[in-house]
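*Asks:* Take a look at the following structure, please.
All of the numbers you see were taken from the coordinates with simple rules; none came from a lab. Note that the structure is a prediction, hence the values are computed from the model and not measured. Because the Cβ atoms are built from the backbone with ideal geometry, glycine has one as well, and the counts that use them run over all protein chains shown.
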Amino acid sequence: MRLMRFLLSVWIFIPGCDSDVTCRNDNGAPVDWYIIYKYPRMIGGGLRYLYMDEHSTNGWTLSTKRISKGALLKTLAPLLDFYVSKTTDFGYLLYNDQPPGHDASSSYGHSKGVVMLDKTGKTGVWLSHSTPRFPTYRNRNFWPNNGNDNAQTFLCVTFPYDSFREIGEQLKYIHVYPFDHYIPTDFPKELGCLTKQGCYRNKKPWYRMKTLTSKANREFYSFAKNKLFGDGECLQLEQTFQD
């Protein structure tokens, strides 16, 4: 009887792990971070990509997957599942100055990314990228055909849930354009603010630097700037680095 209870608990636990919000490699295994460089159309039809993560010892590896079938698909699985069956412990924010169907006003920052959070698992993902119309609007076929033409880059980092207060502040400085979102009221208010008009930095300083620590305790330096960031602050920033 004890063995049966143990097997039942393992059977229930494993599917939950598969849906955790974390960066994932081509095989679906959790990783702390990864970088993708997708080739332009002239190479492999614009669907091949180079991949590197925390375990890479020899630099870039040419993935055997296509861009819509590998690490991006595995990482975005919680979002794609949410489109079908909503849960209260999951939240997301998709921002893109070239969202599906139209372009954002030039008042918004030239920035693109995906934020996903799991309140129960206390993890989140910040996926910063360069692809217009990505991901497609509430569609499990998330890869836009326009993404094939040019080279594209993706940086995925797994962060603790509480880090997204700081990440939300960084995104305020950038003045991101959120074209789709679901941020419950008990999630970090800094992210909730971004879903409303007028949530951006409106006074000096026009930039913000922050050290963000990943789930595996690796440090990432985030630099965010407002469109009003000018030569004066650039010189101040240069002096700060020299000091």
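*Asks:* Need the full-extension length gain, Asp149 to Asp186, defined as separation in residues times 0.36 nm minus the C-alpha distance. One decimal, nm. List each step's numbers first, then the result.
*Replies:* Values: separation 37, 0.36 × 37 = 13.32 nm, distance 4.01 nm.
Full extension from Asp149 to Asp186 adds 9.3 nm.
*Asks:* Mind checking the angle between helix 2-18 and the chain's longest principal axis? C-alpha axes, 0 to 90 degrees, to the nearest 10.
*Replies:* 30
*Asks:* If Lys and Arg each add +1 and Asp and Glu each add -1, what is the summed charge of the other residues whose beta carbon sits under 15 Å from the beta carbon of Asp53?
*Replies:* Values: positive: Arg24, Lys65, Lys74, Lys215, Arg218; negative: Asp26, Asp32, Glu54.
Cβ neighbours under 15 Å give a net charge of +2.
*Asks:* Could you put Glu169, Glu54 in order, starting from the residue whose Cβ has the fewest other Cβ atoms within 10 Å?
*Replies:* In increasing order of surrounding Cβ atoms, one gets Glu54, Glu169.
*Asks:* A follow-up question, please. Expressed as an acute angle from 0 to 90° and rounded to the nearest 10, what is the orientation of the C-alpha long axis of helix 164-174 relative to the principal long axis of the chain?
*Replies:* 40
*Asks:* Given that just one value was derived from the coordinates, which of (i) 64, 46, 33; (ii) 71, 46, 41; (iii) 59, 36, 28 is Cα extents along the principal axes in Å?
*Replies:* Looking at Cα extents along the principal axes in Å for this model, the match is (ii).
*Asks:* Taking the Cα centre as origin and putting +1 on Lys and Arg beta-carbons and -1 on Asp and Glu beta-carbons, what dipole magnitude results for the chain, to the nearest 20 debye? Write out the running numbers ahead of the final one.
*Replies:* Numbers: 30 positive and 23 negative charges, 111 e Å.
Around 540 debye, computed over the chain.
*Asks:* Work out how far the C-alpha atoms of the range 66-174 reach from end to end along every principal axis, then list the three figures in whole Å, largest first.
*Replies:* 38, 32, 21
*Asks:* To the nearest 10 degrees, how steeply does helix 231-242 sit against the main Cα axis of the chain, on a 0 to 90 scale?
*Replies:* The two axes meet at around 60 degrees.
*Asks:* Could you give the nm distance between label points at His110 and Leu80, where each point is 7 Å from its Cα heading toward the beta carbon?
*Replies:* It works out to 3.1 nm between the two label points.
*Asks:* For the pair Ala29 and Asn58, what calculated FRET efficiency results from E = 1/(1 + (r/R0)^6), where r is the Cβ-Cβ distance and R0 = 22 Å, to the nearest 0.05? Don't skip to the answer; put the middle values down first.
*Replies:* Working: r = 18 Å, r/R0 = 0.83.
The calculated FRET efficiency here is 0.75.
*Asks:* By the scheme Lys and Arg +1, Asp and Glu -1, what is the net charge of all other residues having a beta-carbon under 10 Å from that of Pro99?
*Replies:* Details: positive: Lys112, Arg133; negative: Asp97, Asp103, Asp180.
Its environment carries a net charge of -1.
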